[in-house]
1. I'm checking my understanding of the structure. Among residues of the range 12-33 that are at pLDDT 85 or above and of a type in the set (A, V, I, L, M), which one is surrounded by the most Cβ atoms within 10 Å (Cβ to Cβ)?
2. Is the range 75-97 home to any residue that is in a helix (DSSP H, G or I), more than 21 Å from T45 (Cα to Cα), modelled with pLDDT under 95 and of a type outside the set (D, E, K, R)?
3. Give the range 50-78 a look and list any residue that's of a type in the set (D, E, K, R) and crowded, with 16+ Cβ neighbours inside 10 Å, or say none.
4. Would you mind stating whether A113 is small (G, A, S) and at pLDDT below 85?
5. Quick one: how many residues across the range 31-88 are of a type in the set (S, T, N, Q) and either in contact with a Pro (Cβ under 8 Å, 6 or more places away or on another chain) or more than 23 Å from F99 (Cα to Cα) (or both)?
6. Considering only residues that are of a type in the set (K, R) and assigned to a loop (DSSP other than H, G, I, E, B), look in the range 27-68 and name the one that is nearest to L83 (Cα to Cα).
Amino acid sequence: MARNFKELRAKMDPERRARVEKRVQEALKAMPLDGLRDARQLTQTQLAQVLNVSQGAVSKVERRTDMYISTLRSYVRAIGGDLQIRAVFPEGDVLIDQFEDLNPSGKTGKGAAA
């Protein structure tokens, strides 16, 4: 018989629940673009409509390992986020704001996913 997740979670040992929550938070720290899109419950087709590109273009962006910052920013904004670039040093993180004015209107277009 199927059970409600909330019921199962309520019966979990608090220590186990904390371990699971920690694993979830760790998994959310690093995620490929397609995983991020899936987590936002969007299909490639839906995202393509927002970006005004083809579904194939979205697929291509998700497979790339190198792209323009403006392309990545458009993708992230289209799924409801904002892109920040940070340099990570042993002493702490530094936000790099040199790219803040890229695509300032937040508009996407045919070239946005190129």
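1. Step by step, filter the range 12-33, then rank; the result is L33.
2. Let us first name the residues in the range 75-97 that are in a helix (DSSP H, G or I), namely 75-78.
From the residues that got through so far, the ones that are more than 21 Å from T45 (Cα to Cα) too are none.
No.
3. Hits for the range 50-78 are E62, R73, R77.
4. Here the answer is yes, as A113 does meet what is asked.
5. 9
6. Here the residue is R40.
The values are calculated or read from the model by the stated rules, or taken from the named source; none is laboratory data. Just so it is clear, the structure is predicted and the values come from calculations on it, not from any experiment. Quick reminder, even Gly has a Cβ in these numbers, built from the backbone with ideal geometry, and neighbours come from all protein chains shown.
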